[in-house]
Amino acid sequence: MARLKNPSFLLAVAWIASIVSTLGSLYLSEVLHFLPCKLCWFQRIFMYPQVLLLGIALYRKEYTMAIYSLVLSIAGACISLYHYGEQKIPFLQQNSGSCGVVSCGNDYLNWFGVITIPLLALIGFVIIAVSSTLLLKAERA
């Protein structure tokens, strides 16, 4: 694979995805007053630091920082995928343990019967992971 002419573009895509995801989750909890469950908090733990990590990497043009965002995104995506499954798969709904004060099966947002908050988080993590992977592959070429 040839080197990218502008690798900052992929880093910017990942950074923007992290900003949109972070601001979206803050809007849902602080403005709409949706209480986050434990799994939502874990997803936030893996998303929020990426705003700073990717922002600094973009500013300093440190493209190898993508490895850290890739690891954070894979972990966050796994949690998001499980959380989405808890909302949509009957077996997981019935057999998941207690999630705390707020049930992880709560469906505050359910557009078209498919799009929920964990799915939106998953999309954010996937965008960051794909951008990071492409950036790392391009940098090794």
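The values are calculated or read from the model by the stated rules, or taken from the named source; none is laboratory data. Given the structure is predicted, the values throughout are model-derived calculations rather than measurements. Positions of Cβ are backbone-derived with ideal geometry, glycine not excepted, and every protein chain shown enters the neighbour counts.
Couple of notes before you dig in:
- The conditions of being surrounded by 13 or more Cβ atoms within 10 Å (Cβ to Cβ) and under 11 Å from the mean Cα position of the chain (by Cα) are not met by Ser8.
- Screening the candidates Tyr27, Tyr63, Tyr48 for the property of being farther than 13 Å from Val126 by Cα and in contact with a Pro (Cβ under 7 Å, 6 or more places away or on another chain) yields one hit, Tyr63.
To keep it simple, each residue is scored yes or no on (1) surrounded by fewer than 16 Cβ atoms within 10 Å (Cβ to Cβ); (2) at pLDDT 95 or above; (3) in a helix (DSSP H, G or I); (4) not hydrophobic (A, V, I, L, M, F, W, C).
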| site | (1), (2), (3), (4) |
| --- | --- |
| Val20 | yes, yes, yes, no |
| Gly24 | yes, no, yes, yes |
| Pro36 | no, no, no, yes |
| Leu58 | no, no, yes, no |
| Met65 | no, no, yes, no |
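- Any chance Phe42 is of a type in the set (Phe, Trp, Tyr) and within 25 Å of Arg140 (Cβ to Cβ): no
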